[in-house]
1. For the stretch 514-549, give me each residue that is touching a Ser or Thr at 6+ places or on another chain (Cβ under 9 Å) and in a loop (DSSP other than H, G, I, E, B).
2. Within the stretch 370-380, can one find any residue that is part of a loop (DSSP other than H, G, I, E, B), open to solvent by less than 10 Å² (accessible area, probe 1.4 Å), under 20 Å from LEU160 (Cα atoms) and among the hydrophobic types (A, V, I, L, M, F, W, C)?
3. Can you tell me how many residues within the stretch 184-213 are among the hydrophobic types (A, V, I, L, M, F, W, C), within 21 Å of THR320 (Cβ to Cβ) and open to solvent by 10 Å² or more (accessible area, probe 1.4 Å)?
4. Can ASP261 be described as more than 24 Å from LEU160 (Cβ to Cβ), modelled with pLDDT under 80 and open to solvent by less than 60 Å² (accessible area, probe 1.4 Å)?
5. Tell me, yes or no, whether the stretch 225-235 has at least one residue that is at pLDDT below 90 and in a loop (DSSP other than H, G, I, E, B).
6. For the stretch 514-549, enumerate the residues that are modelled with pLDDT under 80, surrounded by 12 or more Cβ atoms within 10 Å (Cβ to Cβ) and among the charged types (D, E, K, R).
7. Would you say THR276 is open to solvent by less than 70 Å² (accessible area, probe 1.4 Å) and modelled with pLDDT of 90 or more?
Amino acid sequence: MTEEARKDVARMGLKGVTLKKFEEIVADILLHCTPVYSPLPGLPDAWTRHRISSCILENPVFRAKHENDRRIFNNLCSRDDCDNKDRVVGKHDIEMPSEWPFDSLPFDARVISYTNGSSTRNNQTSTNVVESASDLPIMKATTTLHGMRAVRKEWQLKSLMQCVLSMLPPSIFEPLLSIEDEGCVQEKLRIVDFAGGTGHLSIPLAIMLPRVDVILVDLKRSSLDRAREKIESLMKMPTPTMNKDPSDDNRIKEQVIINRDAEMKSKDERYSDTVTVHDNVLEPTAIPNLYLYHGSISSFAKDHTDFDIGLGLHACGEATDLILRASGTVGANFIGKLNQTRRDPYIYHATARNEPTITYPQSSTFCKIIPQSGAQFDVLAKAADYSDWQDMRTCRNANRRTAKALVEMDRLLYMKETHGYDQVVLTKMDPWEASPKNDILMGWNHGHKKGLVSPYWKDVRASSNDALPTCNECNNDIKTSMDQLLCPPDEKNNRVHADWNMGDCNKVKQTLLKFAKGSGRIMRFPPGEGKHMRKLVHSIAEELNLRHWSEGKKNAEKIVVVG
């Protein structure tokens, strides 16, 4: 079949259903390039994990906090007022972590922590040594994240940590025999956490990797101030608790209100009309290898061209592409959870202008398929702004997830074409449910001057060729979309539409078969079914060679009639 003929087939899609506008664009792009996912790099080997954990606990402050955290949890499970362990590990409570690397990190360095109550900040009890059951706090998720939101955030953090650790040379984890040995070590690696907020990612990395300098870059001074507070609390040695003052509970409640007000103010700042004045200087912190930078991504990249890995977990919209450009300009490896949004306050706060600074699509490959700065890419990006994580691992809305993959494919091709990276790959977080925006883009060059390696060097070494590994499960959405949008006509009736699950298809099909065998001339489906289900009825009716049409003008009044 010729390419033009395949385009004609794609316009109608599977079983003769007219495609949505974004599906037409997805079909056009899939004719020329297909995204391929690689698996997320695995955890370091047992020796490396042991070395990192041992290095953390060699710090006397972290060791004391770790022992205190364990004591808190063990005593909390045996409290008289705790009927059973569900009291501690309930719907919104978090069990003592058993998953590396969080089992080695102090609670102050985590998203999940223990608190006096359900909403207090994680630095309020961390510096107190628990001596009796009456001093015990309740194990909760802290800051603005609670329950599964906090758990999913740590899944995100762990996924990016795995990517970073897989790129580091083995010598980074070698023990230093003496202080003099530090002078023999090669120049320090630098990791930059762009748009890092309050340090959810950069603080654990700095603790885990004392031989690596970590820089937290953010536009908002309030976020950096909270990061500094967390760091200072983290570096305080736990001290014995004093006799409890009855007014403590009231002070805690007042602090909770203050913290909530601060969080709301932080959210309001994101969309405020005030342009932030940035310091644009590196600020040292209580952690010797962790620095703060108050400024934009572009200004940091302009002033500092000596970093080795650029990270972007919390960036969204144009900020994501600015991180890629900053990393590409200096030839740094880059890792980032990718997020495409329609509202982008970052532009205004960074540049004092509302005009976007990047045109889309970015790659020359995509520009040959769809016009640059045209409406088609906006339609694709809008469909890619997909946040229903319950549909993951199902065929429902596979085309929207494919649209998301194509937005990232444009970025991938741009980094290869413009900045000449040896490898750029697309992968997913583990588990996928960590975030609806679970795509991760990784790029690297071979022969890095400071010894950075490919995150898949072990897989390539074990294989018979130099091909990178692929993730078949991650690629299922792409295959489903290609089958639906691009399959030849003779295969159409053997497929199931990617946007409908098998249960819905069987239910509608049985209803129509029962009608076809009966004596009725027409059958009207009830109103209020929604456009999604109306399309399914049209599709199955077409497959069964039944006449079908719609009646009604407004969506709520529309019905499907089969005859």
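1. The answer is PHE525, and nothing else.
2. Scanning the stretch 370-380, I find no residue that is part of a loop (DSSP other than H, G, I, E, B), open to solvent by less than 10 Å² (accessible area, probe 1.4 Å), under 20 Å from LEU160 (Cα atoms) and among the hydrophobic types (A, V, I, L, M, F, W, C), so the answer is no.
3. 1
4. Judged against the criteria, ASP261 is not a match.
5. Looking through the stretch 225-235, none of the residues is at pLDDT below 90 and in a loop (DSSP other than H, G, I, E, B).
6. Within the stretch 514-549, just GLU529 meets the criteria.
7. When the stated conditions are applied, THR276 does not pass them.
Okay, residues lined up against (1) at pLDDT 65 or above; (2) more than 30 Å from ILE231 (Cα to Cα); (3) in a loop (DSSP other than H, G, I, E, B); (4) not aromatic (Phe, Trp, Tyr):
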| residue | (1), (2), (3), (4) |
| --- | --- |
| ARG11 | no, yes, no, yes |
| ALA27 | yes, yes, no, yes |
| THR48 | yes, no, no, yes |
| SER54 | yes, no, no, yes |
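The values are calculated or read from the model by the stated rules, or taken from the named source; none is laboratory data. Source: prediction; values computed, not measured. Cβ sites come from the backbone with ideal geometry, for glycine too, and all protein chains shown count toward neighbours. Ligands, DNA and RNA are excluded from the accessible area calculation, which covers all protein heavy atoms including side chains. Shrake-Rupley method; radii C 1.70, N 1.55, O 1.52, S 1.80 Å.
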